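Reviewing the structure listed below.
The values are calculated or read from the model by the stated rules, or taken from the named source; none is laboratory data. All values reported here derive from a predicted model rather than from experimental measurement. Here the Cβ positions follow ideal geometry from the backbone for every residue, glycine too, while neighbour counts run over all protein chains shown. Just so you know, the surface numbers come from the protein's heavy atoms only, side chains and all, with ligands and any DNA or RNA stripped out. Shrake-Rupley method; radii C 1.70, N 1.55, O 1.52, S 1.80 Å.
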Amino acid sequence: MKTNFKFLSLLLVLSMLLSATPVMAAEGDQTVPVDLTVEAPIFSVTVPIALPITITEQGEILTSDTAAVINNSAGPVVITDIQTKGINGWETVAFGSIDMASAKVNTKNVSLQLIFGDKDTGTIVNTTGANSNDFAGSIRLAKNASLPLLYDAEVPAQTTAYESAQIAEVIFTVGWDE
Amino acid sequence: MQKQTLNNPFANIHLPQQFSGQQQVQQQQPQQVQYQQQYQPVQPQQPEQTKEKKKKSKKKYLLLLLLLLLIPLFKGVFIGDNPMPIPGINWDKNQSLGDLTGKSKEEIVAALNEKVQEGMINISMNTNPIFETGTSLGTLMITNSASNRYPQLIEIFTKDDNALVYSGAVDIGNKVEQSTLLVDLPKGDYECIAYFSAINPETGEKLGTAGANIKITVLN
């Protein structure tokens, strides 16, 4: 009886020792994992799809001064591409190539200049010919940034009065700044 | 001795009254009176005299007005909207005063600014949608924000071969959480451009387009 009791006690002690082994063996470097869970980030950018131009009765070109590209995304984005092309019978030509004083009336050519940011220091993109322009880089917008977009155009005088006739389109392509 | 009357050469000469002494005295008196009268305060005019004067000035003004009205007659035409009839001339009844100056520069720019605001488009989607297979639903998470003015047509093209792999329209304020592709893409990653076009809700005409760089992942 006494022997059995002793044996059981020994067994109990041994089991305690064995269960404590991991703790007793915890020496040296410890690795504590940091888990990251990422939900799909919000990609949200607001861009203008209309850049209206008015030719006044005196032949002056007027454009809007409130266009902008706005980044509502979870991080910075970049404008990676800008397409400019004439539509409905119009052609884009190099900006600066139309002599407004002597260009033939009713010529369906239009040239565009886009200025992103400050009008003196911002990024300038000019049309360079048929459906092409000189945009070659990327324009960055920080998170929650609003980038002003000024633009200018050259259009020869037209004898027919138009109301919101689409003569060209500009497509901005944006993506994450990675 | 008799007084002899001296021969007065001026005996028969009678001076004019104004030079005679007595008469001078006499005349001084009326002059004095007149002098006094000059500095007497002016007596106010009688009411009848005022009325007369007013009538006369009224007549003058009427005459002047009449003359002014008659001047254009001699020029041949009235200043105003209603020309005087001239034999052989047919005046356009739709004419009105003024020249064609139109809107001011500020008004035109304000109208252009309004058009730009109406044409702003918000594009939003998951830039890395994942598809279990080429035919399963994928996490596109396209949103046409309630702040947009137009429904949107979303078209996704692969960059390498410009293949259209997705096309769908989303109404204002709606979202597409998951959807399927048009093409059964094999397993892999595909660099694509998603074009968001604002469309006329009545005709479906594209009003403007913006693009977003995305990557489609097909797991199996």
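From the list A:A103, A:A74, A:A136, A:A94, the lone residue that is touching a Ser or Thr at 6+ places or on another chain (Cβ under 9 Å), away from chain B (no Cβ under 14 Å), among the aliphatic types (A, V, I, L, M) and not in a strand (DSSP E or B) is A:A94. The selection criterion, being in contact with a Leu (Cβ under 6 Å, 6 or more places away or on another chain), at the interface with chain B (Cβ under 7 Å from one of its Cβ atoms) and within 20 Å of B:K115 (Cβ to Cβ), holds for A:T54.
Listed conditions (1) within 22 Å of A:I61 (Cα to Cα); (2) touching a residue at least 12 places away in the same chain (Cβ under 8 Å); (3) of a type outside the set (D, E) are all met by B:F157, apart from (1). In the condition set (1) in contact with a Lys or Arg (Cβ under 8 Å, 6 or more places away or on another chain); (2) open to solvent by 90 Å² or more (accessible area, probe 1.4 Å), B:I142 is compliant with all but (2). Taken together, A:G175, A:G75, A:G86 contain a single residue that is at pLDDT 90 or above, under 28 Å from B:T143 (Cβ atoms) and in contact with a strand residue (DSSP E or B) (Cβ under 6 Å, 6 or more places away or on another chain), which is A:G175. The condition of being crowded, with 18+ Cβ neighbours inside 10 Å and among the β-branched types (V, I, T) holds for only one of B:I193, B:I172, that being B:I193. Residues considered: A:G89, A:G59. Of these, the only one that is in a loop (DSSP other than H, G, I, E, B), open to solvent by 50 Å² or more (accessible area, probe 1.4 Å) and more than 24 Å from B:I123 (Cα to Cα) is A:G89.
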